[in-house]
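What follows is one structure encoded as structure tokens, with my remarks underneath.
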Amino acid sequence: MFHVKQDLLRFRLVSKSLGIKIGSGELEKFATYQKELSRWNKKINLISRSSDSPHHIFKHILDSILILKAVTIPLGAKILDFGSGAGFPGIPMKILRDDISLTLLESRKKKAFFLEHMIKTLKFKGIEVICKRAEDLVDSTNLRGKHYLVTAKAVGKLDNVTHSILPFLKVGGFLVAYKGKSSEDEIEGLSQREDFQFQNEIDFKLPEYDLTRNLIILKRIQPEL
């Protein structure tokens, strides 16, 4: 328990150094999320078994909330977490921004069940889990062209990601893709597209967690033809 408290304190201090303030109620929710994720991971392998220590889970959480430093998110914005998995980055975002309307898209039933469990445990409102593949939802009137922001973490190359995500973004909305390093070749490959416009590429380096993160921000600039 002492080591968990140390990890929680480190997480809060590093977040503060980034300009992300975490209140006591929010910190309690992050602690609950870490505990439940570690417990469930022993049964259904939500993340790598070698990285489900408190330190590594708080690293995943910190990685998730970096998006709040990269994009200005309006009050009540509608957000889609594409391929949510264990809830990254969607659940950490929701803990800090309870005002957002969040959809967690996860095609694997066991992981979707965990996400439902976390929603109930953390008593969230304005959040839903959809357990389907993206291609099965492109004609959904509730999702198509509705989102201000779509997040994509560990879901492949940009060209493939933009193709899958485009139907869910409203014109003027943003895609934030998480990358482990600079992706100049992938960005260059999007230069001929007329539906997305490159906005920014932001690098984060957090030595306390041995974390290097590259966030690529794209804007949808026209409707589908």
Which of the residues that make up the range 174-198 are part of a strand (DSSP E or B) and either surrounded by 16 or more Cβ atoms within 10 Å (Cβ to Cβ) or charged (D, E, K, R) (or both)?
Phe174, Leu175, Val176, Ala177, Tyr178, Lys179, Phe196
Applying the selection to the range 42-86, what residues are in contact with an Asp or Glu (Cβ under 6 Å, 6 or more places away or on another chain) and within 24 Å of Gln6 (Cα to Cα)?
Pro54, His55, Phe58
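Here are some residues: Leu166, Leu149, Leu115, Leu143. Which one is among the aliphatic types (A, V, I, L, M) and assigned to a loop (DSSP other than H, G, I, E, B)?
Being among the aliphatic types (A, V, I, L, M) and assigned to a loop (DSSP other than H, G, I, E, B) holds for just one of Leu166, Leu149, Leu115, Leu143, which is Leu143.
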Could you say which residue among Leu75, Leu13, Leu8 is farther than 28 Å from Arg108 by Cα and without any contact (Cβ under 8 Å) to a residue 24 or more places away in the chain?
Leu13
Condition met for Lys43 (basic (Lys, Arg), within 18 Å of the chain's Cα centre (by Cα) and under 22 Å from Leu122 (Cα atoms)):
no
Of (1) of a type outside the set (Val, Ile, Thr); (2) more than 17 Å from the chain's Cα centre (by Cα); (3) more than 18 Å from Glu201 (Cβ to Cβ), Ala134 fails just (2)
If Glu128 satisfies all but one of (1) more than 19 Å from Asn200 (Cβ to Cβ); (2) acidic (Asp, Glu); (3) not in a strand (DSSP E or B), what's the number of the condition it fails?
(3)
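Every number in this text was worked out from the coordinates using simple rules, so none of it is lab data. Remember, predicted model here, so these are calculated numbers, not experimental data. All Cβ positions, even for glycine, are placed from backbone atoms using ideal geometry, and neighbour counts span all protein chains on display.
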